[in-house]
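Colleague: I am attaching a structure below and will ask some questions about it afterwards.
The values are calculated or read from the model by the stated rules, or taken from the named source; none is laboratory data. Since we're looking at a predicted model, the values are computed, not measured. For neighbour counting, all protein chains shown are included, and Cβ atoms are generated from backbone atoms with ideal geometry for every residue, glycine included. Note: accessible area is taken over every heavy atom of the protein model, side chains too, but ligands, DNA and RNA are not part of it. Shrake-Rupley method; radii C 1.70, N 1.55, O 1.52, S 1.80 Å.
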Amino acid sequence: MGYSNQFFNALGVDPKSRPEINKLAKRVRIPSHRLSYYNEKNILPSGSDMVQIEEELGVFELDLAIKMGRLDHASTELIQQNADEILALLKDHRNSIKPNPKDTDSLVYQSTLGSLHQADCLDFLTNIDSDSVDLVFADPPFNLAKLYPSNMDDNLRVEEYLKWSEQWLKECIRTLKPGGALFTWNLPLWNSQLSGFLHSRLTFKHWVAADIKYSLPIQGRLYPSHYSLLYFVKGEQPNTFHADRLPTPTCPKCFDNLKDYGGYKHKMNPKGVSLTDIWTDIPPVRHAKYKKREGANELSVKLLDRVIEMASNPGDLVLDPFGGSGTTYVVAELKGRRWLGCELGPCDVIIDRFQKIENDEKHLERIRSELNHLYPENIRKERERRGLWTAESVAKKNSPQDYPKPEELQLFKN
Ligand SMILES: C[S@@+](CC[C@H](N)C(=O)[O-])C[C@H]1O[C@@H](n2cnc3c(N)ncnc32)[C@H](O)[C@@H]1O
């Protein structure tokens, strides 16, 4: 997975010709492996490498930035200052960056609250009304050369993947109501690059790190241990924001608190601790009991419950353009939200899941029963039996004005 030779093209070198690359290396006094690295990763050279390219080839940083599509704010400013001349050159291309709406007759399933289409997300999204959706959740393929049941190409050139991601994100943003929320789940590798695009159209709320190991430890690298969940809203403020509160962690054997709250026990909110932007309690879906399809990623009901609860109300419209096994759709349905979705590949797994929705319903009930209490019911009872403090036992000292002040709340994080 690399870029498609923008660096060598910008310097007029044939990327397939070793002799040409070696000749260039000699001329600019940069080792050929480093030139190949700039080319493969589409990285702008810096320091003496850039000086040598400038001196030997007369190619400046601005030339490379534009030709390699690596604009920083300074080069963007120059383009802005010369916008009229540049736009005159590009006037025939103005419409080429707009999507080409295709009428699709792709409905494959309708539930009480939602409808599922078997379609390419770009075709599907262009047919959704502007400003009509309350919440978008998207878990796209990660371009890791995985084999999906849809047989889609999961091994695109980097700039192709990013361009495609911006296309569907742009469409999702168009469909969002003012005040609507967009969440996108991806590897930090991709979300770190897509966040710049999102910042140019939406208001940033959070980068949530969901602590789930997703790869094997490799020497010379940190062990990749979190997925990124970007959360943006359209306009200044979200229409809806109600984050669940979580139980405080306890030892599974002795039921004591894992954290010492010292003299602050009586100030603990009986509804639990505040949700932070690091989520350590989202399980990977590996267990056969919960897994709906083999192979490609499937997200946990707990994750979708949290997002849907936080950023929508019953009756709101939830959109997910990458159906997979349908986690978003069943959770939306069970929580009384209307939903819209599409999946490029076979949709029978999703339809089948709706036929047996009571399995997900029970699972969701279990998940929700643990939220918004300082201790889940079974743990509260066990603590009482062992003479350990509970929200109720310290409640006498608890009046609303006793709740922690924001600076004290820092103590209770995690
Ligand atoms: C990571 S999975 C989504 C998993 C889903 N969140 C779940 O919990 O089951 C991504 C899905 O997007 C589908 N997909 C890939 N490209 C697509 C496209 N252009 N339009 C619609 N769906 C697409 C893939 O077939 C795959 O099922």
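Colleague: Amide H to amide H, which residues 5 or more places from Trp339 or on other chains are under 5 Å from it, using H placed in the peptide plane?
Modeller: Distant-sequence amide H within range of Trp339: Gly114, Ser115, Val318.
Colleague: Next question, about the same structure. Choose one answer from Leu194, Leu35, Leu122: the residue with the largest mean-square fluctuation in a GNM of the chain with alpha-carbon springs under 10 Å.
Modeller: Answer for the Gaussian network model of the chain: Leu35.
Colleague: Please give the length that would be gained between Asp131 and Arg70 if that part of the chain were fully extended, namely 0.36 nm times their separation in residues minus their C-alpha to C-alpha distance (nm, one decimal).
Modeller: Full extension from Asp131 to Arg70 adds 18.8 nm.
Colleague: Kindly write out, for region 227-244 in residue order, the coupling ³J(HN,Hα) from the Karplus curve 6.51 cos²θ - 1.76 cosθ + 1.60 (θ = phi - 60°), rounded to whole Hz, with x marking Gly and Pro.
Modeller: Here the 3J(HN,Hα) series is 8, 9, 10, 7, 10, 10, 10, 8, x, 6, 10, x, 5, 9, 8, 9, 7, 5 Hz.
Colleague: Continuing with this model, one more query. Using a 1.4 angstrom probe on heavy atoms only, work out the carbon and sulfur share of the accessible area of the chain in %.
Modeller: For the chain, the apolar C and S fraction of the accessible surface comes to 52 percent.
Colleague: Sticking with the crude label model, points 7 Å out along Cα→Cβ, report the distance from Ser393 to Asn9 in nm, one decimal please.
Modeller: It works out to 6.9 nm between the two label points.
Colleague: Here is a further query. Could you work out how much longer the chain between His93 and Gln81 gets when fully extended? Use 0.36 nm per residue separation minus the Cα distance between them, nm to one decimal.
Modeller: Working: separation 12, 0.36 × 12 = 4.32 nm, distance 2.00 nm.
Stretched out fully, the His93 to Gln81 stretch lengthens by 2.3 nm.
Colleague: Under 19 Å between alpha carbons, and skipping anything fewer than 8 positions from Lys265 in its own chain: which aspartates and glutamates qualify?
Modeller: Asp256, Glu377, Glu382, Glu384, Glu392, Asp402, Glu407, Glu408
Colleague: Give me the 1.4 Å probe accessible area per residue for the chain, excluding ligands and nucleic acids, in Å².
Modeller: Normalised by residue count, the accessible surface of the chain is 54 Å².
Colleague: With the chain treated as a Gaussian network of Cα nodes joined by springs under 10 Å, which of Glu343, Glu298, Glu159 yields the largest mean-square fluctuation?
Modeller: Glu159
Colleague: Springs between alpha-carbon pairs under 10 angstrom, Gaussian network model over the chain: which of Ser150, Ser46, Ser165 fluctuates most?
Modeller: Result: Ser46 has the largest fluctuation of those listed.
Colleague: How far apart, in nm, are two points set 7 Å out from the Cα along the Cα-to-Cβ line at Glu54 and at Met1?
Modeller: 3.4 nm
Colleague: Rounded, prolate or oblate: which fits region 6-96, taking a ≥ b ≥ c as square roots of the Cα gyration tensor eigenvalues, rounded meaning a/c under 1.5, else prolate when a/b beats b/c? If you can, show how the numbers build up before the last one.
Modeller: Details: a/c = 2.57, a/b = 1.85, b/c = 1.39.
Because a/c hits 1.5 or more and a/b exceeds b/c, region 6-96 counts as prolate.
Colleague: Considering only Met50, Ser32, Ile66, whose Cα is most displaced toward the positive end of the charge dipole of region 6-96, charges sitting on Cβ of Lys, Arg (+1) and Asp, Glu (-1)?
Modeller: Ser32
Colleague: For the chain, what proportion of DSSP beta bridges, expressed in % and rounded to the nearest 5, is antiparallel?
Modeller: That works out to approximately 50 percent antiparallel.
Colleague: So how much slack lies between Thr240 and Asn151, counting 0.36 nm per residue of separation and subtracting their Cα-Cα distance, in nm? It would help to have the intermediate numbers written out before the result.
Modeller: Numbers: separation 89, 0.36 × 89 = 32.04 nm, distance 3.70 nm.
Extra length from Thr240 to Asn151 when fully extended: 28.3 nm.
Colleague: Next question. Sequence-distant or interchain residues sharing an amide H contact under 5 Å with Trp279, placed H: which?
Modeller: Close amide H contacts, sequence-distant or interchain: Ala209, Ala210, Asp211.
Colleague: For Leu62 paired with Phe197, estimate the spin-label separation in nm (one decimal), with each label point 7 Å from Cα along the Cα-to-Cβ line.
Modeller: Between Leu62 and Phe197, the simple spin-label model gives 2.7 nm.
Colleague: While we're looking at this one, here's another question. Using only Cα atoms, locate the centre of region 66-98 and the centre of region 124-147, then give the distance between them in Å, rounded to an integer.
Modeller: Rounded to whole Å, the Cα centres lie 27 Å apart.
Colleague: Rounded, prolate or oblate, given the Cα gyration tensor of the chain, with a/c below 1.5 counting as rounded?
Modeller: prolate
Colleague: Express in whole angstrom the spacing between the alpha-carbon centres of region 343-389 and region 179-249.
Modeller: Taking the Cα centre of region 179-249 as reference, the centre of region 343-389 is 23 Å away.
Colleague: Filter the cross-link list Lys267/Lys335; Lys170/Lys213; Lys177/Lys205; Lys170/Lys234; Lys16/Lys41 down to pairs whose alpha-carbon distance in this structure exceeds 20 Å.
Modeller: Values: Lys267/Lys335 32 Å; Lys170/Lys213 30 Å; Lys177/Lys205 16 Å; Lys170/Lys234 12 Å; Lys16/Lys41 16 Å.
Check vs 20 Å cut-off fails for Lys267/Lys335; Lys170/Lys213.
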